[in-house]
1. Give, as a single signed number, the net charge of other residues whose beta carbon lies under 15 Å from the beta carbon of Asp84, with Lys and Arg counted +1 and Asp and Glu -1.
2. Apply the Karplus curve 6.51 cos²θ - 1.76 cosθ + 1.60, θ = phi - 60°, to the phi angles in the stretch 87-99 and return the couplings in whole Hz, x for Gly and Pro.
3. Within the stretch 1-107, what whole-number % of the accessible surface is contributed by carbon and sulfur, with the 1.4 Å probe and all protein chains included in the calculation?
4. Around Cys66, what is the net charge, scoring Lys/Arg as +1 and Asp/Glu as -1 over all other residues with Cβ under 13 Å from its Cβ?
5. What angle do you read, to the nearest 10 degrees and between 0 and 90, between the alpha-carbon axis of helix 16-25 and the longest principal axis of the chain?
6. What dipole magnitude, in Debye to the nearest 20, does the chain give about its Cα centre under +1 on Lys/Arg Cβ and -1 on Asp/Glu Cβ?
7. Once you order the gyration tensor axes a ≥ b ≥ c over the Cα atoms, which shape class does the stretch 49-103 get: rounded for a/c under 1.5, otherwise prolate or oblate by comparing a/b with b/c?
8. From the list (i) 15, 45, 33, 7; (ii) 13, 43, 36, 9, 0; (iii) 14, 45, 29, 10, 1, can you say which value of P(r) over Cα pairs in 10 Å bins from 0, in percent was derived from the structure given?
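The values are calculated or read from the model by the stated rules, or taken from the named source; none is laboratory data. The structure displayed is predicted, hence computed values, not measured ones. Virtual Cβ from ideal backbone geometry, glycine too; neighbours counted across all protein chains shown. The area values use the complete protein model at the heavy-atom level, side chains included, leaving out ligands, DNA and RNA. Shrake-Rupley method; radii C 1.70, N 1.55, O 1.52, S 1.80 Å.
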Amino acid sequence: MHLNDCAIPQLPSRAMDRTMDFYRKLGFDGWIASPAGDYAIFQRDTLEIHFFLHSTLVPAESAFGCYFRVQDVDSLFLAFSKADLPSTGIPRMTKLEDKPWGMREFAI
């Protein structure tokens, strides 16, 4: 893999304004990237994620997801913890832990 290679996930958003608010709480800078207001781009350091409008999405039934692999997951966990998300429901944030498959991770 080349240093500049990357994949940018495109995820659904039921409401762009709520998505903007949520990801800004996580420390992302975001902006609406389409004249129709149905596409947004968010960046936080080297992490980038895009959202498209999907107003009929049912989050509890969705299989959409994104995995960020970072050098310092502990620091990212601490930064995201400032959003004070609950540990259950939607949205939620799980605890940081070492998984049996060898990864140290958490989920939002």
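1. Values: positive: Arg24, Lys25, Lys82, Arg92, Lys95; negative: Asp21.
Surrounding charge for Asp84 is +4.
2. In residue order, the calculated couplings are 8, 9, x, 10, x, 8, 9, 8, 6, 7, 8, 7, 8 Hz.
3. Working: 3960 of 7600 Å².
The nonpolar share, carbon plus sulfur, comes to 52 percent.
4. Taking every Cβ under 13 Å from that of Cys66, the sum is 0.
5. Once rounded, one gets 30 degrees.
6. Values: 11 positive and 14 negative charges, 48 e Å.
Value, rounded to 20: 240 debye.
7. On the way: a/c = 1.77, a/b = 1.62, b/c = 1.09.
In terms of gyration-tensor shape, prolate.
8. (ii)
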